[in-house]
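Q: Supplied in structure tokens, the structure appears directly below.
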Amino acid sequence: MNMLKDKVAIVTGASSGIGRATALLFAREGARVVVTARRKEALDILVDEIVAAGGQACAVDGDVREEALHEAAVDAAVARFGGLDIAFNNAGIVGEMAPLDQLSPDAWRTILDINLTGAFLGARRQVPAMLARGGGSLIFTSTFVGHTVGMPGMSAYAASKAGMIGLMKVIAAEFGARGVRANAILPGGTDTPASITNAPDAAPELLAFVEGLHALKRMAQPEEIARCVLHLASDAASFMTGAAVLVDGGVSISRT
């Protein structure tokens, strides 16, 4: 299949995890992809992998908190591939976990700057490029945390990701009539390098606990989340906008 044939996409946070899996899937489905993250070496490896498989991609390294990164990514999409149709604003961190009264203001600001402000800065540059093409699809990586579940110690993370859903809904309302769709995915526990279950000091009991929170009794693989992103990016979701889509393995509804 070529669900994204002749489309041009930007994927932020593409050096690992869900972003990397999505960039690879987008390329397999025919998209030309601009990948961004802070780690240049990891991006170069990803681009080489896409090109070796017959796809087209280029890398722009930088920090999502800097507007210059988003400007450079959009410029690369336009100059290298002719425009922009899809943006997956995926970059983010869990950050410091602590009870509210012990969370430092610096940690709060860092988490919101990366997760929420980074998404805002990306969308602010991406939407005009999509309008120039007659429309497009923005997808944001939010979470069930702070949306369906309040998890202790995660106030800054929850606030940043819930704010992203509000941002997404306003974008959908502001630009829907001009052909731009905006949606968010809300993944459950996913087996990525950033997962708390893969921390150097994580005990096996932690993985078992996290898996048990889900109705499916397991964590997701990044490729499973990427398939939902692909659907939202493609014309198969042409009447979907303003949606916060749970891809959480039933963690939001499970009480077993």
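Q: I need the full set of residues from the range 12-28 which are surrounded by 24 or more Cβ atoms within 10 Å (Cβ to Cβ) and of a type outside the set (Gly, Ala, Ser), in order please.
A: THR12, ILE18, ARG20, THR22, PHE26
Q: Only one residue in LEU213, LEU121 is on the phi < 0 side of the Ramachandran plot, touching a helix residue (DSSP H, G or I) at 6+ places or on another chain (Cβ under 9 Å) and surrounded by 15 or more Cβ atoms within 10 Å (Cβ to Cβ), so which one is that? Outline the logic, then answer.
A: Working: LEU213 fails: touching a helix residue (DSSP H, G or I) at 6+ places or on another chain (Cβ under 9 Å).
Matching residue, one of LEU213, LEU121: LEU121.
Q: Please give the number of the condition GLU205 fails out of (1) surrounded by 14 or more Cβ atoms within 10 Å (Cβ to Cβ); (2) among the charged types (D, E, K, R); (3) assigned to a helix (DSSP H, G or I).
A: (1)
Q: Something else: What's the number of the condition TRP108 fails, among (1) in contact with a strand residue (DSSP E or B) (Cβ under 7 Å, 6 or more places away or on another chain); (2) crowded, with 17+ Cβ neighbours inside 10 Å?
A: (1)
Q: What number of residues within the range 124-154 satisfy the criterion of being in a helix (DSSP H, G or I) and crowded, with 19+ Cβ neighbours inside 10 Å?
A: 5
Q: Within the range 47-99, how many residues turn out to be within 19 Å of the chain's Cα centre (by Cα) and among the aromatic types (Phe, Trp, Tyr)?
A: 1
Q: A follow-up question, please. Only one of these conditions is not met by PRO193: (1) crowded, with 20+ Cβ neighbours inside 10 Å; (2) of a type outside the set (Gly, Ala, Ser); (3) out of contact with any strand residue (DSSP E or B) (no Cβ under 8 Å at 6 or more places or on another chain). Which number is it?
A: If we test PRO193 against (1) crowded, with 20+ Cβ neighbours inside 10 Å; (2) of a type outside the set (Gly, Ala, Ser); (3) out of contact with any strand residue (DSSP E or B) (no Cβ under 8 Å at 6 or more places or on another chain), just (1) comes out false.
Q: Before we move on, is ALA87 touching a strand residue (DSSP E or B) at 6+ places or on another chain (Cβ under 6 Å), part of a helix (DSSP H, G or I) and touching a residue at least 60 places away in the same chain (Cβ under 8 Å)? I'd like the intermediate steps shown before the answer.
A: Values: touching a strand residue (DSSP E or B) at 6+ places or on another chain (Cβ under 6 Å): yes; part of a helix (DSSP H, G or I): no; touching a residue at least 60 places away in the same chain (Cβ under 8 Å): yes.
Here the answer is no, as ALA87 does not meet what is asked.
Q: Let me ask something additional. Taking the condition closer than 28 Å to ARG181 by Cβ, touching a Gly at 6+ places or on another chain (Cβ under 7 Å), free of Cβ contacts under 8 Å to residues at least 40 places away in the same chain and not aliphatic (A, V, I, L, M), does ASN2 pass?
A: Numbers: closer than 28 Å to ARG181 by Cβ: yes; touching a Gly at 6+ places or on another chain (Cβ under 7 Å): yes; free of Cβ contacts under 8 Å to residues at least 40 places away in the same chain: yes; not aliphatic (A, V, I, L, M): yes.
The answer is yes for ASN2.
Q: Just one of the numbered conditions (1) farther than 13 Å from VAL245 by Cβ; (2) touching a residue at least 60 places away in the same chain (Cβ under 8 Å) is not true of VAL170; which one?
A: So VAL170 meets the others, but not (2).
Q: In the range 228-256, which residue that is assigned to a helix (DSSP H, G or I) and within 24 Å of ALA162 (Cβ to Cβ) is farthest from the chain's Cα centre (by Cα)? Even if it seems obvious, please write down each step before you answer.
A: Keep residues of the range 228-256 that are assigned to a helix (DSSP H, G or I), which gives 228-233, 235-237.
Of the ones still in play, those that are also within 24 Å of ALA162 (Cβ to Cβ) are 228-229, 231-233, 237.
On the way: CYS228: 11, VAL229: 8, HIS231: 14, LEU232: 12, ALA233: 12, ALA237: 17 Å.
Result: ALA237.
Q: Out of the range 132-186, which residues are hydrophobic (A, V, I, L, M, F, W, C), over 25 Å from HIS214 (Cβ atoms) and either modelled with pLDDT under 95 or touching a helix residue (DSSP H, G or I) at 6+ places or on another chain (Cβ under 8 Å) (or both)? Explain how you work it out, then say what you get.
A: Quick first cut of the range 132-186, residues hydrophobic (A, V, I, L, M, F, W, C) only: 132, 138-140, 144-145, 149, 151, 154, 156, 158-159, 162, 164-165, 167-168, 170-173, 175, 177, 180, 182, 184-186.
Subset that is over 25 Å from HIS214 (Cβ atoms): 132, 138, 167, 170-173, 175, 177, 180, 182.
Those that are hydrophobic (A, V, I, L, M, F, W, C), over 25 Å from HIS214 (Cβ atoms) and either modelled with pLDDT under 95 or touching a helix residue (DSSP H, G or I) at 6+ places or on another chain (Cβ under 8 Å) (or both): LEU138, LEU167, ILE171, PHE175, VAL180, ALA182.
Q: For the range 159-190, name all the residues that are more than 15 Å from the chain's Cα centre (by Cα) and not basic (Lys, Arg).
A: So in the range 159-190, the residues more than 15 Å from the chain's Cα centre (by Cα) come out as 159, 166, 169-181.
Residues satisfying the conditions are ALA159, GLY166, VAL170, ILE171, ALA172, ALA173, GLU174, PHE175, GLY176, ALA177, GLY179, VAL180.
Q: Restricted to the range 32-65, and to residues that are assigned to a loop (DSSP other than H, G, I, E, B) and in contact (Cβ under 8 Å) with a residue 24 or more places away in the chain, which residue is nearest to ASN2 (Cα to Cα)? Please lay out each step first, then the result.
A: Initially, the range 32-65 is screened for residues assigned to a loop (DSSP other than H, G, I, E, B), giving 38-39, 53-55, 62-65.
Narrowing further to those that are in contact (Cβ under 8 Å) with a residue 24 or more places away in the chain: 38-39, 53, 55, 62-65.
Numbers: ARG38: 29, ARG39: 29, ALA53: 14, GLY55: 12, GLY62: 30, ASP63: 31, VAL64: 29, ARG65: 33 Å.
Once the filter is applied, the top-ranked residue is GLY55.
Q: A further question on this structure: Among the candidates ALA31, ALA98, ALA9, ALA73, single out the residue that is surrounded by 15 or more Cβ atoms within 10 Å (Cβ to Cβ) and in contact with a helix residue (DSSP H, G or I) (Cβ under 7 Å, 6 or more places away or on another chain).
A: Residue meeting the stated conditions: ALA9.
The values are calculated or read from the model by the stated rules, or taken from the named source; none is laboratory data. For clarity, every value in this text was computed on a predicted model and none was experimentally measured. All Cβ positions, even for glycine, are placed from backbone atoms using ideal geometry, and neighbour counts span all protein chains on display.
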